[in-house]
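Here the structure is laid out as structure tokens; the discussion comes afterwards.
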Amino acid sequence: MKLSEAILKGCEMTPKQAFHWIGFPGAATCAIGAALEGIGVKRLQSHRVYEAFPGLTRFVVSEIQARNDVSKWSRERIASWLAEKGL
């Protein structure tokens, strides 16, 4: 599953968006948390995104975090941005 698809699936599972923290499944998640929840990771820890999506760079993760936490993009908008990049 692509990262963008995992984020969208996670959004369905946890509709509320979190900012400045990865979140708590079922309550609120950031874009990274939504991706992890979308692929079934139970313990949401940000470093697990690298295990779950091999080849994902720290640069892309930092851009996701900036769009989520600073620019306040919706997780769906972040997923669309990633999909445009083939991720």
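No value in this document is a laboratory result; all are computed from the given coordinates. Quick caveat: nothing in here was measured; it's all calculated off a predicted structure. Positions of Cβ are backbone-derived with ideal geometry, glycine not excepted, and every protein chain shown enters the neighbour counts.
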(message) Given points 7 Å out from each Cα along the Cα-Cβ axis, report the His47 to Lys72 separation in nanometres with one decimal.
(response) 3.3
(message) If the reach is capped at under 17 angstrom between alpha carbons, list the lysines near Lys72, excluding any in the same chain fewer than eight residues apart.
(response) Lys16
(message) At a threshold of 8 angstrom on Cα-Cα distance, excluding pairs fewer than six apart, so keeping six or more, what relative contact order does region 3-84 reach in percent?
(response) 34
(message) For region 3-84, compute the orientation-averaged projected area of the C-alpha convex hull (one quarter of its surface), in nm².
(response) 4.4
(request) Return the distance in nm (one decimal) between the two label points of a simple spin-label model at Glu12 and Ser62, each offset 7 Å from Cα along Cα→Cβ. (result) 3.4
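Calculated from DSSP H runs of 4 or more alone, at -39500 (n - 2.57) each and per residue, what is the 222 nm mean residue ellipticity of the chain, nearest 500?
Details: 5 runs with 46 residues, N = 87.
Calculated from helices alone, the mean residue ellipticity at 222 nm is -15000 deg cm²/dmol.
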